[in-house]
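To keep things clear, I will list the structure first and then write my remarks on it.
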Amino acid sequence: MSDSEMSLPLDGWHRRLGARMVAFAGYAMPIQYEGIIAEHRWTRDSAGLFDVSHMGQLLIAGAGAEKGLEALLPADLAILKEGRPKYSMLLTDDGGIVDDLMVTRRGDHFYMVVNGATKEGDIAWLETNLPRAVVLDHMKEQALLALQGPKAAGALARLVPEVADLTFMTGDAFTVAGIRTWISRSGYTGEDGFEISVPAVSVEALADLLLDQPEVRPIGLGARDSLRLEAGLPLYGHDLDVTTTPVEADLVFALSKRRRAEGGFRGWHRIARELADGPIRKRVGLAVEGRQPVREGALVVDGEGNEVGKVTSGGFSPSLEAPIAMAYVPLADAVAGTTVSLAQRGRIFSAKVAPMPFVPHRYHRKGAGS
Amino acid sequence: MSVYYSKEHEWVRVEGDTATVGITDFAQGQLGDVVFVEVPQAGRHLARGGDAAVVESVKAASDVYAPVGGEVIEGNQALVDDPALVNSDPEGEGWFFKLRLADTHEINDLMNADQYKAFCDEQ
């Protein structure tokens, strides 16, 4: 472990729990505790506690914040209700994705959560491109936890009964054992669960309280990756980057209806063209034949072995006990059931385009009952 | 019968001119949950230091190199069928392949158990 990595507020806590630490996004982070497969299954069956404090938490306030953000994001912030996290992305003039993020209106400001590896660039991008009257605060004093899994709600409600009233993609301020938190019913595993913004000085106390619940175990980055892959959720820097557009990345749901029609945000011209004519390539899920994982960097090839696309995430699905992947393929191949060939280390693998998510989402949606 | 170790974290159990090869407990611990293994076919000639097998965990793929050269007698089909044997019994049921040593002197370049333990402590 090099000394150049920064430590998260829970660094010592992870090490005491036996985590294996690796460098990720500039931080020393836990890749696993007891093992990726066991942690993955625990999250799908019970509740997993993730430390995602490396992610950037930003406050954006001031006159013109809403309009200023709408110039950079394809979300309809004008109709975004208080306390409703919205998935969106920062876009380049050419429709490339600078980062994907969650943005929530909270009273007089917007609360934004961005990826850890990209947060410094995002901050610079926002400061350069937002009107001068808009103030951006990087909330370095806040840590971020995620509690994910079918038993997450029961475990958290023991500490904060009011969270039972939250439905998927809603959030509010709560006090947990005297600790002021912001909790939203959201996450990146495909399971029901919560993301909890908490002052870094109190995160260890809160993490201990959560870990005291019998349903809860700590989960590392390794299982976070296999869980989000099964859930069909793209990871920035792998499945998304400045060369991919929201249409190519199959994230059209994040382009709000009014914004799609009116434009007025960076990248709209290309996005409008791709919405009308179809993109050249598209992100799809792949079910890989056999047992051997096909990983990021493998090529999608045609019958003559020419590169026609690339695998951007791939691994072994603990839930399906089979290799799965995400790849960009030519639009004509982006149809469930299409067989594609993949080249990895001089070998050809066969895969079928599969609907995503690979494992059904189990979000707690409004009106779905408890 | 003696067991030797390589710097690539393989173990080699030698009986006469026959060697059984696998990866060490240290190696499986570093890899994490193993989900795929490929072993060499009987009859294949392996050069010392050449690619011999593949082991993949949830996170990453790794090559297993032949710590000694020779002709493969058997690849462990039980391991191919149940790759998790690498994690549960790396230096027993989780063996990768057996070969007939081309040159028994090659084992002299490997480490004994004490040397290997010291080597791992430095990692």
The stretch A:301-347, residues that are away from chain B (no Cβ under 14 Å), in a strand (DSSP E or B) and either exposed (fewer than 15 other Cβ atoms within 10 Å of the Cβ) or of a type in the set (Asp, Glu) (or both): A:307, A:339
Complete set of residues in the stretch B:58-77 that are more than 10 Å from residue B:21 (Cα to Cα), away from chain A (no Cβ under 14 Å) and touching a helix residue (DSSP H, G or I) at 6+ places or on another chain (Cβ under 7 Å): B:69
Looking at the structure I just gave you, is residue B:49 on the phi > 0 side of the Ramachandran plot, away from chain A (no Cβ under 13 Å) and either in a strand (DSSP E or B) or surrounded by fewer than 22 Cβ atoms within 10 Å (Cβ to Cβ) (or both)? yes
Condition first: closer than 29 Å to residue B:39 by Cβ and either surrounded by 22 or more Cβ atoms within 10 Å (Cβ to Cβ) or acidic (Asp, Glu) (or both). Can you find one or more residues in the stretch A:269-286 that meet it? yes
Find all pairs meeting these conditions: Cβ atoms under 9 angstrom apart; at least six residues apart or on different chains; first residue within the stretch A:15-37 and in contact (Cβ under 8 Å) with a residue 40 or more places away in the chain and more than 10 Å from chain B (Cβ to nearest Cβ); second residue acidic (Asp, Glu) and surrounded by fewer than 19 Cβ atoms within 10 Å (Cβ to Cβ). A:24/A:5; A:26/A:5; A:26/A:120; A:27/A:5; A:29/A:5
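Each row is one residue, and each column tells you yes or no for (1) of a type in the set (A, V, I, L, M); (2) within 30 Å of residue A:23 (Cβ to Cβ); (3) within 14 Å of chain B (Cβ to nearest Cβ).
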{"position": "A:219", "(1), (2), (3)": "yes, yes, yes"}
{"position": "A:222", "(1), (2), (3)": "no, yes, yes"}
{"position": "A:233", "(1), (2), (3)": "yes, yes, no"}
{"position": "A:257", "(1), (2), (3)": "no, no, no"}
{"position": "A:261", "(1), (2), (3)": "yes, no, no"}
Looking at (1) crowded, with 20+ Cβ neighbours inside 10 Å; (2) free of Cβ contacts under 8 Å to residues at least 60 places away in the same chain, which one does residue A:81 not meet, given that it meets all the others? (1)
Within the bounds of the stretch A:36-58, is there any residue that is at positive phi and either touching a helix residue (DSSP H, G or I) at 6+ places or on another chain (Cβ under 6 Å) or surrounded by fewer than 19 Cβ atoms within 10 Å (Cβ to Cβ) (or both)? no
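We did not get these values from a lab; they are worked out from the coordinates using the rules stated. Owing to the predicted nature of the structure, the values given are computational and were not obtained by experimental measurement. With ideal geometry, Cβ positions are generated from the backbone for all residues, glycine too; neighbour counts draw on all protein chains shown.
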